[in-house]
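Colleague: Could you have a look at this structure, given as structure tokens, before my questions?
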Number of protein chains: 4
Amino acid sequence: MVYTAAVSGASGYAGGEVLRLLANHPQVEIGQVTAHSSAGERLGALQPHLHPLADRVITETTAENLAGHDVVFLALPHGASGEIAAALGEDTLVIDAAADHRLESAAAWEAFYGSEHQGTWPYGLPELPGQRERLAGSGRIAVPGCYPTTILLGLAPAFAGAGEGPLVQPQDVVIVAATGASGAGKSLKPHLLGSEVMGGMSPYGVGGVHRHTPEIEQGLSSVAGTEVQISFTPTLAPMPRGILATSTAKLAPGTTEAQLRQAYAAHYDAEPFVHLLPEGQWPATKQVVGSNHVTIQLAVDEHAGRAVVVSASDNLTKGTAGGAVQSMNLALGLEETTGLDLLGVSP
Amino acid sequence: MVYTAAVSGASGYAGGEVLRLLANHPQVEIGQVTAHSSAGERLGALQPHLHPLADRVITETTAENLAGHDVVFLALPHGASGEIAAALGEDTLVIDAAADHRLESAAAWEAFYGSEHQGTWPYGLPELPGQRERLAGSGRIAVPGCYPTTILLGLAPAFAGAGEGPLVQPQDVVIVAATGASGAGKSLKPHLLGSEVMGGMSPYGVGGVHRHTPEIEQGLSSVAGTEVQISFTPTLAPMPRGILATSTAKLAPGTTEAQLRQAYAAHYDAEPFVHLLPEGQWPATKQVVGSNHVTIQLAVDEHAGRAVVVSASDNLTKGTAGGAVQSMNLALGLEETTGLDLLGVSP
Amino acid sequence: MVYTAAVSGASGYAGGEVLRLLANHPQVEIGQVTAHSSAGERLGALQPHLHPLADRVITETTAENLAGHDVVFLALPHGASGEIAAALGEDTLVIDAAADHRLESAAAWEAFYGSEHQGTWPYGLPELPGQRERLAGSGRIAVPGCYPTTILLGLAPAFAGAGEGPLVQPQDVVIVAATGASGAGKSLKPHLLGSEVMGGMSPYGVGGVHRHTPEIEQGLSSVAGTEVQISFTPTLAPMPRGILATSTAKLAPGTTEAQLRQAYAAHYDAEPFVHLLPEGQWPATKQVVGSNHVTIQLAVDEHAGRAVVVSASDNLTKGTAGGAVQSMNLALGLEETTGLDLLGVSP
Amino acid sequence: MVYTAAVSGASGYAGGEVLRLLANHPQVEIGQVTAHSSAGERLGALQPHLHPLADRVITETTAENLAGHDVVFLALPHGASGEIAAALGEDTLVIDAAADHRLESAAAWEAFYGSEHQGTWPYGLPELPGQRERLAGSGRIAVPGCYPTTILLGLAPAFAGAGEGPLVQPQDVVIVAATGASGAGKSLKPHLLGSEVMGGMSPYGVGGVHRHTPEIEQGLSSVAGTEVQISFTPTLAPMPRGILATSTAKLAPGTTEAQLRQAYAAHYDAEPFVHLLPEGQWPATKQVVGSNHVTIQLAVDEHAGRAVVVSASDNLTKGTAGGAVQSMNLALGLEETTGLDLLGVSP
């Protein structure tokens, strides 16, 4: 069976990546491609790498244009999904790449985004415990943020433990992550110019609390069964794509590196996209760029009493569009890996 | 039907890219992966982006190990293919990514490579006139160089003309091209270190005549039906992959931009991987990185009396491994595009 | 003696580089720093690398604010210098980094820039024959473009020859050059975003004739004593700074590589900033980034009958601000190299 | 007065940067430039950016060649300085850029470097409390590592406090830092090739304890007056130069952001090279590349109960050669900033 899919935000990076993956998906036919300011243009002018779709014409993002498809991908600015989703019927699978439907706490949403909370949808990270089941057959999916995806996959086994409770302590998790510039989208801001980005690194959104913090804490707390608290610092690296997250947590009393490794191995053994690397081999974002894969390595720093976990992903693929397609497959009852057999492009 | 394929040079960039594409090919099963100094290691240690192949063990590159496959890809240093190819039977399709079997002129081979010429094999660039037919059913294929691929595709329609002879003059073609660092391979040379490559550009192999010059002239002369002479300057750009070639040739008397555009449009109209861009849109290597596609744009510089053609490719994909797989498909009688539906990874 | 200098366009890349160099100049005191949309802001917010000037406040670019200095640097959009220069007295040295006063031909100016020609000022490239003398004591200086600087220095000795006329032919010079992204300024355009620029190369302004063409031809024709005609293709490289120009010209009958080398050596022997590299060593932009130096290498391609010259510069230093300060030194009667002893920052 | 200086390791990145700075130093004359495998070569072939020194010939690194200078810079592999320093007289100022003489603990040295401890020299980080006095007139200087420089400057004011003890807690400091590729030196290792480095990030030396850990803990403990314990994860970023360090520590009870900011402002108020940025402005490595400056910003993350400090430096300048020259100035009784007026090269 073939499903039709519409993609909004088709002129941006997230929308472009959804289209790149759907073009490779054997059971999806791409329908409307919509955007706002570039409506009326050839897709090839804005996404010239999508050769088979070059002559498609972008239409305006309206409920009318998106209606009538089996699946609708929303890649809109935060806060814009609620209204348009409401206008799409329940028989349409709506997949929202924005933050609008990720948070369970309306208070947290309002504090960080300043608008009315639009409700919570099943969270599109199948590798979290119980999540695959929640996504099966769902008509609505909230695609996780790229940072949360990378960090939650990096820390979940440590918090899930191996039957005897978390292997790390829930307070005082410290995370520093680097993202490629596409993580900031296609917005025309001076600090995102190539001349500024190339050859240097800088932090952003430090102190105070980053918008992704409640989403990460929500996910970790759910896995740990207790409230987890993080310090999170994102940085901007001179590369187009990729996230490298360094996550450290205090060891629970008695946790050994062998236990930790065993928990990760067991947790990800059957996962098609998440890989605990062999000892001595560390994740690098280039291993996964362009693919839906995530690589992980861990170490126990006995000197500091901390577990150190490094995880790498492509922010646009597993971190956004790939995670969305993977969740779509589950929701539609397809093989979870369909259309996601792309490997990283390296070097 | 499924064919088995062995890949030598599996630890290098060309071999790695062949494996990336074959892993995505529905009618190929990957057999032996061989190399020399890294024999005995896990493939995942050397090509960590090839997740499904991570636990394969690299074996030594010998005729014994390569024998018994339907297809053998040779990605060896120049000069090393002849002997090993000779040891493989005629019922094995041998695809050589090195230069050894590209040149028709034994004298040119010996002048540029200093060893004995090993003969000429069908040239794996199906988009050249008559070439697709020569590749069909062939048991031996010489994969073109990455520069020649990009430049020949850029200039062929101008020299082929539109029935009334070449639209440009064969003397005094001037070509300047930039390649990403993977074009120089994985060799440990100081000028290829990241610290040296990032943030700067430099030429290499200037003056005298570059090794790719006879291959480019051979291809253009064949298309033009007369001897073509080029000046070729390659440069090294701070990027991992991609070639951008700027090729200029004097206009034949009376040639107009419209004629030229018409010739290109006709030449590439039915080609699945080569695209003349719409007027006003120029090739960028990022449009094609990771894919088998090539983009082309042209202009007539009336002031200088020259046609200027810019072509972009991925040196490892269409420029090496993708071109090799495309030719393999033709040789095996498969659909030419099989396994090559990957789109460029952008941004 | 110490001169006061005002710098307009202080929020942009050219203005920032002028300030970086003046901060290092022992005989200049920086006065007003002006801009337009960022007037009122701390300079440190816009040019955070200029630590000693961080607390300066940017004022509006007006003739009033610029008046009363010994030297005024104009780094304004093309077309905006004429009016403001006219309002500054003749006892002020006005140095224009825009194109407004470079071209001798009013017709060429109007064809390429579409506004009224504002006259021609002494051209700030002291290494061209006779130019050093024209700059001495001048009250007005037109700073050359970054491409013309790099290309003219690369080709001038070949056209100047060694007493017996040009060593190369004036028709059919072919030039392909790559620039870093700062060459496009700080303008907020999608193709200049870091995500777009990093990892790829693209041409721009191809065909038709680039705005720099008449400036390059004017300079070469003046050196050659006959009309020189070029084909010029600029490309954008994934680096913040630097220009690498590959310039080729047909050899005049009988020209040998030894003659050519001798002409370059003689031409640049006494020049403090332009260096013919030893045989076998090629220019790389990283050798000169952050400095006022230019490196050059040449070769005779006998096969193609062409001289190939590669020249490298920093587009913002020798290509803009450094050339401007060097010319200022000459105009003020200072030692030409004052304040320009900075070496390239490499790697 | 002018001092003569010899520079060993002149073919490497650290040695090259020392030479770049000394060439700009008004009171230093460069004497012998030495190295090992490149002895006999022109310096211009190995450090082509050092134009005024291009024709110097590299001599062998021996005590004989280094003797007879007022100052000797050692930029040798770790473990090689001791012997050569012993052979240089006490009237020679010896400045060691390697780790050999940094650690006070012989046990720590032997655990991390596996050779015999050669003693402890005054530590060349004048901005630490009391350190400027120790360096004045010293005949031996141990240049701090680039990570320790950046991190110690980032955290010192928090641990020094403002008269009432540390503002942060000494246990459980967590540091994640990114360095440019030159931090790994010019060694020919596959993972340092441009093709591997560009476009991606990766960690290195994770878990276990990094060699820089004891040096950082030694410095912090000295400032805090109590033992400080860190978790340190270094990562490799796709840029040639620069370090961005994110350092977080638990707040001491009652510490406010205002107190912390006040402590930093007071600590660095008179420092010429270390800058607490205005609120809202964050460090970026590009602000300081090529300069001896360090920029710092801090925030109190009340949610996590941690101070977050970000500091940026150029690993080769303030992190190595600039710090060395600054300390040399103090040891020789020169103005501390002499020869270090270079500003960052940005963009």
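All of the numbers you see were taken from the coordinates with simple rules; none came from a lab. In this text, all values refer to a predicted model and were calculated from it rather than measured experimentally. Heads up, the Cβs are rebuilt from the backbone with ideal geometry, glycines too, and the neighbour counts pull from every protein chain shown.
Colleague: To the nearest µm²/s, what D does Stokes-Einstein give for chain D at 20 °C and 1.002 mPa s, using the Kirkwood radius over alpha carbon pairs as Rh? Provide the component values of the computation, followed by the final result.
Modeller: Values: Rh = 20.4 Å.
D, rounded to a whole number, is 105 µm²/s.
Colleague: Let me make sure I get this right: for the protein assembly as shown, a, b and c are the square roots of the gyration tensor eigenvalues over alpha carbons, sorted descending. Under 1.5 in a/c it's rounded, otherwise prolate if a/b > b/c, else oblate. Which is it? Kindly include the intermediate steps, with their values, before the conclusion.
Modeller: Numbers: a/c = 1.37, a/b = 1.01, b/c = 1.36.
Judged from the Cα gyration tensor, the protein assembly as shown comes out rounded (a/c under 1.5).
Colleague: In addition: With a cut-off of 8 Å between alpha carbons and a minimum separation of six or more residues, what is the relative contact order of chain C in percent? Numbers along the way, then the final one.
Modeller: Details: 797 pairs, mean separation 60.2, N = 347.
Once divided by the residue count of chain C, the mean separation gives 17 percent.
Colleague: Tabulate in residue order the Karplus-calculated ³J(HN,Hα) for region D:194-205, using 6.51 cos²θ - 1.76 cosθ + 1.60 with θ = phi - 60°, rounded to whole Hz; enter x for Gly and Pro.
Modeller: x, 4, 7, 7, 5, x, x, 10, 8, x, 8, x
Colleague: How large is the dipole of region B:4-63 about the Cα centre if only Lys and Arg carry +1 and Asp and Glu carry -1, each at its Cβ, rounded to the nearest 20 debye? Please list the in-between numbers first.
Modeller: Values: 3 positive and 5 negative charges, 15 e Å.
Roughly 80 debye, rounded to the nearest 20.
Colleague: Also: Using a 7 Å offset from Cα along the direction of the beta-carbon, what are the separations from residue B:171 to the same position in each other copy, nm, ascending?
Modeller: Ordered by distance, the counterparts are at 1.1, 8.5, 8.6 nm.
Colleague: Can you tell which of B:226, B:124, B:97 lies farthest toward the positive end of the dipole of chain B, using +1 and -1 charges on the Cβ of basic and acidic side chains (Lys, Arg; Asp, Glu)?
Modeller: Value: B:97.
Colleague: With a 10 Å radius around each residue's Cβ, average the other Cβ atoms per peptide and rank B:244-257, A:306-319, highest first. Walk me through the numbers before you get to the answer.
Modeller: Details: B:244-257: 21.4, A:306-319: 29.4.
Listed from highest to lowest mean packing, they are A:306-319, B:244-257.
Colleague: While we're on this one: Just tell me how shielded A:229-235 is by partners: mean number of partner chain Cβ atoms within 10 Å of each residue's Cβ, no decimals.
Modeller: Details: counts 3, 3, 11, 4, 9, 1, 10.
What the average comes to for A:229-235 is 6.
Colleague: A further question follows. If you average the sequence gap of Cα pairs under 8 Å that are 6 or more apart and divide by the length of region A:147-313, what percent do you get for the contact order?
Modeller: Details: 325 pairs, mean separation 50.3, N = 167.
With pairs under 8 Å counted, the relative contact order is 30 percent.
Colleague: Could you work out the mean count of beta carbons from other protein chains within 10 Å of each residue's beta carbon in A:119-129? Spell out each step's value before the answer.
Modeller: Numbers: counts 0, 0, 0, 0, 0, 0, 0, 0, 0, 0, 0.
Across A:119-129, the average partner-chain Cβ count within 10 Å equals 0.
Colleague: For region C:1-106, just list the percent of Cα-Cα distances falling in each 10 Å bin from zero outward, please.
Modeller: 16, 50, 29, 4, 0
Colleague: Charges only on Cβ, +1 for Lys and Arg, -1 for Asp and Glu: so what's the dipole of region A:147-313 about the Cα centre, in debye to the nearest 20? The partial results should precede the final answer.
Modeller: Working: 8 positive and 12 negative charges, 128 e Å.
Charge dipole of region A:147-313: 620 debye, to the nearest 20.
Colleague: Now for a different question. Using packing as a proxy for protection, rank A:8-18, D:196-206, C:100-110 so that the peptide with the highest average count of other Cβ atoms within 10 Å comes first. All intermediate terms of the calculation are to be shown ahead of the outcome.
Modeller: On the way: A:8-18: 27.5, D:196-206: 24.2, C:100-110: 18.6.
Top to bottom by mean Cβ count within 10 Å: A:8-18, D:196-206, C:100-110.
Colleague: If each label sits 7 angstrom from Cα along the C-beta direction, how far apart, in nm, is residue D:190 from its counterparts in the other copies?
Modeller: 2.3, 4.0, 4.4
Colleague: To the nearest whole number, what is the average tally of beta carbon atoms from other chains within 10 Å of the beta carbons of peptide B:16-28?
Modeller: On the way: counts 3, 3, 0, 1, 7, 1, 0, 3, 4, 0, 0, 0, 0.
Average neighbour count from other chains, rounded to a whole number: 2.
Colleague: For chain B, which DSSP H helices look membrane-span-like by this rule: Cα extent along the axis of 20 Å or more and mean Kyte-Doolittle of at least 0.5? Walk me through the numbers before you get to the answer.
Modeller: Details: long enough: B:146-160 (21 Å, 1.35).
The qualifying helices are B:146-160.
Colleague: Let me spell out the model: positive unit charges on the Cβ of Lys and Arg, negative unit charges on the Cβ of Asp and Glu, origin at the Cα centre of chain D. What dipole size does that give, in debye rounded to 20? Please report the intermediate quantities before stating the final value.
Modeller: On the way: 16 positive and 33 negative charges, 161 e Å.
The calculation lands at about 780 debye.
Colleague: Rounded, prolate or oblate: which fits region A:147-313 when a ≥ b ≥ c are the square roots of the eigenvalues of the alpha-carbon gyration tensor, with rounded for a/c under 1.5 and prolate only if a/b beats b/c? All intermediate terms of the calculation are to be shown ahead of the outcome.
Modeller: Numbers: a/c = 2.06, a/b = 1.58, b/c = 1.31.
Verdict is prolate for region A:147-313.
Colleague: Something else now. Can you give me the pair-distance distribution of region D:294-347, C-alpha pairs, 10 Å bins, whole percents?
Modeller: 20, 36, 24, 16, 4
Colleague: Mind listing which chymotrypsin sites (Phe, Trp or Tyr not before Pro) in region C:230-316 are in a DSSP loop and have 12 or fewer other Cβ atoms within 10 Å? Don't jump to the answer; show the numbers that get you there.
Modeller: Numbers: sites: C:232, C:264, C:268, C:273; in loops: C:273.
Passing both the DSSP loop test and the Cβ count: no residue.
Colleague: Let me know the shape class of region B:237-327, please: from the alpha-carbon gyration tensor, a ≥ b ≥ c as square roots of the eigenvalues, rounded when a/c is under 1.5, otherwise prolate if a/b is greater than b/c, or oblate. Write out the running numbers ahead of the final one.
Modeller: Numbers: a/c = 2.42, a/b = 1.67, b/c = 1.45.
In terms of gyration-tensor shape, prolate.
Colleague: Still on this structure, please answer the following. For region D:106-174, what log10 I(q)/I(0) values come out of the Debye formula at q = 0.17 1/Å, with one point per alpha carbon and no solvent?
Modeller: The computed values of log10 I(q)/I(0) come out as -0.83.
Colleague: Please arrange B:2, A:174 by counting, for each residue, the other beta carbons lying within 10 Å of its beta carbon, fewest first. Each step should come with its number before you reach the end.
Modeller: Values: B:2 10, A:174 29.
By the 10 Å Cβ count, ascending: B:2, A:174.
Colleague: Add -39500 (n - 2.57) for each DSSP H run of 4 or more in the protein assembly as shown, then divide by its residues: what number comes out at 222 nm, to the nearest 500 deg cm²/dmol? The partial results should precede the final answer.
Modeller: Values: 44 runs with 369 residues, N = 1388.
Mean residue ellipticity at 222 nm (helix-derived): -7500 deg cm²/dmol.
Colleague: How far, in nm to one decimal, is residue B:133 from itself in the other copies if the label point is set 7 angstrom along Cα toward Cβ? Shortest first, please.
Modeller: 6.4, 6.9, 9.3
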